[in-house]
Structures are given as structure tokens and as C-alpha cells.
């Protein structure tokens, strides 16, 4: 089974729940179950390219020191530098692990995360994410500082905790940035946990190479009860590690069973706890469905509002289009009228030009055909501007010669000054007499 992590839905979570129950059926210890769960997580959740979406995923459970196998006890003694450790000291112990590196696929190969003392006042700094989960579900950690619950998704849920970190880079909750987050490209992190009837707690923490949104992370609240259901019997019978026998019962449960009437058996007690876990799974699935229904209801309201707005916009666009069409029609009519007027003006100008040309031609014909000599002079300079044929022929000049002389040069009696005076009087009176 494979699921693209950012395409996870409630239906796929329910399907995955059934899948892991079937895959983990028949496991003999909690350690074996935890290891199978981590392998299934790693192989199930993939990226769009088909690779695992998970860099590393791990399963932890609280255990008394006296219940730990020899290898973990030896590791604790070496790390803490103590020869004798109280049997009832509790340790958060690594039971299942799977990831990109081969050494991340066996708990025995872990160098620094096999077990953490839950009696250590510095545990808040060593396990800030899981500390927040344990504090949420009521598991007391001996520290003077309160756990930071800002990463908890549902602060009302006291049975199952879930933390979520959208951006793992530079997050204060993930200490090993240079050694782990940056080189392995960790982008988002979330984890969840719960408690058993034995008062022990468990937690799963997963580091993703893709950005996983809050909605996806919250879906794992619906998977959490299934994890508890798979591991509950092993915790109750103290079949935790592969070295444990399967005929022992935790002291807490033994005390509870001793309170029961003789007719009730230990199996009945376990069945009731398993039934409760199944009910929790159904309850959280139902809560997720209700939340989705509310989201859909909200989306539907938004959609209806958007449709109303779109309808209003479409109506406004229609009105604007009608106005524009009206403006275009009016402007077209105006342009048509202007065009007709321009055409008429062009025709009129053309007719005027033809008439002017015809008038000039008629004047020129009269000018040239006149019996008298006609000379047109510049009133300011006395230069000859135009003349007819009789003017230069009667005076014995060629046309080229006559063009280059002044009126005074063909006046035999009067001087240049007298001629200019005549011209001035003509300009003022309209006529004058040359003698």
C-alpha cells in the first residue's frame, strides 16, 4: 500500500488502519509490532516522485529500568556513569525505527537514542517535542519548566496527543539542525502518542522530506487509537522486548485483576481495553468527519457567496457592456455624420478649386487677348510682375527682355520718382493719370 502524503484523506487513513492491523497480526512482542509499524510508515507514505516521504520515523515507549533488556541497561549505565540504577526509574525507550540509512533500521545500532531517562530534569530540552505530547496527555515529567504546548494540534484531547511543526529548519524544537535537519532535507515534523492502562506512554515521531500541512498531520489523530490497539495487549502482558516471556503481567494490571470477581478473567479485562481503543478510533474518525463536514459547510457558504458576487459582477459587466455598446453606437453615428460632412467639404473644396482654376483660365484668356497693353506691377518696387503679349510687342521688347525692366525704364517723360508717386496715388485713390 502506498499513499502520497499530501493526498492523504480520512478514507485512506481508515484503509491504512485496517492494513496495519492485518500486517501486524500475529506479532509476539511490542518491539516487533513497533518495528513493523515504522517500516510500514516509511514504505507507505511517498512523494509525488514515488520515493519515501519520510526521512526517519521512530516508536518510543516508557519502561521501568528493571524491565529493559541487558543491552539497553548496559547502554544506560555507560551513558550515565552509574553502576547501580533504581529498578523503578523510568526510561523512554526506542522500540521501533526505520529511515533512509541502514543504521536507522535497527534499534540496536542507535548510538544516542536507545533510552532517555524520564527522571532527568533536562529531558524537556532533550525531547522538547515528545515532552509537549506527554504533558498534553497528563504524563508528568520532573522539570521545573512547563512544556511548550504551542506545537500541540488539539489541546482539548487528553487521551491522544499530536504535535506538528510546519517548518523544521531552524525550529527550536529540533536541536540537531546541522547534523540532521539540513543534510537530510527535513522539512516538516509531527508526532503523536498516548497512554496505556498500565500508566506507560508511547509516542511516534516522524520527520518528512516534504512540507506536510496541518490538515494532513491532524488526520493521524484518527490513526492513533489503531496504534494503541495493536500494542495494548503486548504492553499489558509485558511482552515488550523480544527477550521477554509472554506469561507475565504488569503489576498495575495484576492489582486491577485481583479486584475483579473470580468469574472475570484477565482476557475480559484486555478485551474491554481493546474495545475502548476501537471506540476511540471510531470517535476520532467521526470527529474528523464532522470537522470535514464543517469545513465543507464553510466552503459551501463561501462558494454561494462567491457565486452571488460573481452573478453581481456578471450583471455589472453586462450593464457596462450595454453602456459601451450604446456609446459605440452613438460615437459611430457621430463619426458617420462627421465623415459625411468631411466628404461634402472635400467635394465642395474640389468644386471651388475647379471653379477657381476655370476663373483663372478665363481671366488669363481675357488678359492675353485684350487689344490694349496690360502690365501688372509691384506697387512697392515698381517691378513688372505680369504683362500680356501686346504690352511687350507694342513697345518693341521680347518677353524675356520685358520681364527684367521696370516701369520707369519705359516712361520717356517722367522720372522714377514721378512714377512711384503715381503708384502711391493709385493705391490711395484707386486711379491716376499718366501724361
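Classify segment 353-435 as rounded, prolate or oblate, taking a ≥ b ≥ c as the square roots of the eigenvalues of its Cα gyration tensor: rounded when a/c is under 1.5, otherwise prolate if a/b is larger than b/c and oblate if not. Since a/c reaches 1.5 but b/c is at least a/b, the shape of segment 353-435 is classed as oblate. Of the residues 177, 35, 78, the one that moves most in a GNM of the chain with alpha-carbon contacts below 10 Å is 78. Distances between every pair of Cα atoms in segment 12-114, grouped in 10 Å steps from 0 to the bin holding the largest one, split as 14, 39, 30, 14, 4, 0 percent. Taking Cα atoms, how many degrees apart are the long axis of helix 220-236 and the longest axis of the chain, rounded to 10 and kept between 0 and 90? With both axes taken from Cα atoms, the answer is about 10 degrees. Take the Cβ atoms of residue 275 and residue 308, set R0 to 60 Å, and the FRET efficiency comes out at 0.80. The calculated 222 nm mean residue ellipticity attributable to helices in the chain amounts to -16500 deg cm²/dmol, summing -39500 (n - 2.57) over DSSP H runs of n ≥ 4 and dividing by all residues. For the pair residue 324 and residue 10, a Förster radius of 51 Å applied to the C-beta separation gives a FRET efficiency near 0.55, rounded to the nearest 0.05. Among 192, 59, a tally of other beta-carbon atoms within 10 Å of each Cβ gives an order, fewest to most, of 192, 59.
Listing 216, 354 from fewest to most neighbouring C-beta atoms within 10 Å gives 354, 216. Dividing the radius of gyration of the alpha carbons in the chain by their Kirkwood radius gives 1.76 for Rg/Rh.
Subtracting the Cα-Cα distance of residue 295 and residue 18 from their residue separation scaled by 0.36 nm leaves 97.1 nm. With respect to the chain, whose longest principal axis is taken over its alpha-carbon atoms, helix 416-429 is tilted by about 70°. Fewest neighbouring Cβ atoms within 10 Å first, the residues 350, 392 line up as 350, 392. Rounded to the nearest 10 degrees, the angle from helix 70-80 to the longest Cα principal axis of the chain is 70 degrees.
Per residue, the convex hull around the alpha carbon atoms of segment 169-218 comes to 91 Å³. When only Cα pairs below 8 angstrom with a gap of at least 6 residues are kept, the chain shows a relative contact order of 12 percent.
Rule-based calculations on the coordinates, nothing more; no lab input. Quick caveat: nothing in here was measured; it's all calculated off a predicted structure. Every residue, glycine among them, receives a Cβ derived from its backbone with ideal geometry; neighbour counts consider all protein chains shown.
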